[in-house]
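Quick notes on the structure that follows.
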Amino acid sequence: MIPANTEGNLELDRLCSFLENCYRRGVHVDGILLTQGQKCTGASDPVAEVQRETTRLRQTYGVLKRPHIHLDIPLHWPFLLFGEYDTTRNPLDLSLDTIRPLMSSAADAAASDSCSIDLGNWGYTPLPLSLLIVKNYKNLMPLLPDAAVPRLDGATPGVIPQAESSSTDLARLCSLQALHASLSQLGEDGLRLLAARSIENASYLKERLRESGHVGILHPASIGPGVAFRRYHPDLGHRAGEILRAEIQAARRGDTAPLLANSRWHQRQFARQGIRGVRAAWQPAAAHFVNEPAQHAEPVAAEVATMLHPRLTAAHIDLFVQGLPGQRQVAEPAPDY
């Protein structure tokens, strides 16, 4: 596995060094697995650059068979629909500067040999549902089971499909039918609009949280519909980002006490609040960092708000930020750092 940086981005130089080392030693590389739109960080790997560098190295070392490049798209799949969108006219009046990086990385997906799409994360489906797409169907055939695979072919609209299969298969088929209904109802423009508005709202929420001063944002450079953040006691002043970075750095060295102390304080504040403008959730593992002495990934707890509701507006986000605990609302002292 090739190490990524702190935002989850692949470092292309490391991948090239690894490939070159393999080819120099005559080690065959069957495939390369890349990611587009990681759940926590929104990071995307440079698929086209990986393809070009792989071709260059194969030519240099005389390697005939190229690796199969598979792209996992757990989050950003709606931006695959922007390939034919007219950015000059911009008929949906979208904030193109906000979503342009996602449009560019989605277009990059064409350089892969296959991709898997996790529709449940951004597909308005009731259950997790994945879709596998391959350029050459012959590459897919060895992976298919011998048993018949349940399909929606011939299913009557609005009727739950019947098949001699497990309840899990039927649940997935029902979820697929729900997705098909959403696509039919909304159309491509509807999904484009929902995806773009989600990104715009997430970007606005980050901006408002930064202005509040006592909130530290995990992966502030990420682009996606979700925002993970940690609140800090108002008495600590407007140094939340600085304190969060110091907590993570200490935890990487093996000292998790400051991180855990604030997590406990934050969770108590979260449990006391009601729903105000935006629904948020407490996630014990909203992100991860590498504990260097222990050599394994440690979870980082955070509050997470996901901007997927189609009627969410800036006014809802303002109301949510205004409701965050202030100095008058917090009775307990700040955690002992």
(request) Quote the FRET efficiency, to the nearest 0.05, computed for ASN90 versus ALA221 with a Förster distance R0 of 22 Å and r equal to the Cβ-Cβ distance. (result) 0.30
(request) Give me the percent of the accessible area of the chain that comes from carbon and sulfur atoms, probe 1.4 Å, all protein chains in place. (result) 52
(message) Let me check the size of region 1-116 from its C-alpha atoms; what are the radius of gyration and Dmax in Å?
(response) 16.0, 54
(request) Determine the per residue accessible area of the chain with all protein chains present and a 1.4 angstrom probe, expressed in square angstrom. (result) 56
(message) Using a Förster radius of 22 Å, what is the FRET efficiency between MET1 and ALA48 based on their Cβ-Cβ separation? Nearest 0.05, please.
(response) 0.55
(message) How far apart, in nanometres, would the label points at ASP97 and ALA285 be if each is projected 7 angstrom from Cα along the Cα-to-Cβ direction?
(response) 3.8
(message) Please compute the modelled spin-label separation between ARG66 and GLU207, points set 7 Å along Cα→Cβ, answer in nm with one decimal.
(response) 4.1
(message) Principal axis extents for the chain, Cα atoms only, whole Å, descending order, please.
(response) 65, 57, 48
(request) Mind jotting down the three principal axis lengths of region 189-337 based on Cα atoms? Whole angstrom, largest first. (result) 50, 39, 23
(request) Grab the beta carbon distance between MET141 and ARG253, set R0 = 45 Å, and tell me the FRET efficiency rounded to 0.05. (result) 0.35
(request) For region 207-289, go through all pairs of different Cα atoms, get the mean of 1/r, take its inverse, and jot down that Kirkwood value in Å. (result) 13.6
(message) Just to be sure I understand the model, the point goes 7 Å from the Cα along the line to the Cβ. What's the resulting LEU33 to ILE275 distance in nm?
(response) 3.7
(message) List the lysines whose Cα sits under 18 Å from the Cα of LYS135, skipping any in the same chain fewer than 8 residues away.
(response) LYS65
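The values are calculated or read from the model by the stated rules, or taken from the named source; none is laboratory data. Computed from a predicted structure; not experimentally measured. With ideal geometry, Cβ positions are generated from the backbone for all residues, glycine too; neighbour counts draw on all protein chains shown. Accessible surface areas use protein heavy atoms only, side chains included; no ligands, DNA or RNA. Shrake-Rupley method; radii C 1.70, N 1.55, O 1.52, S 1.80 Å.
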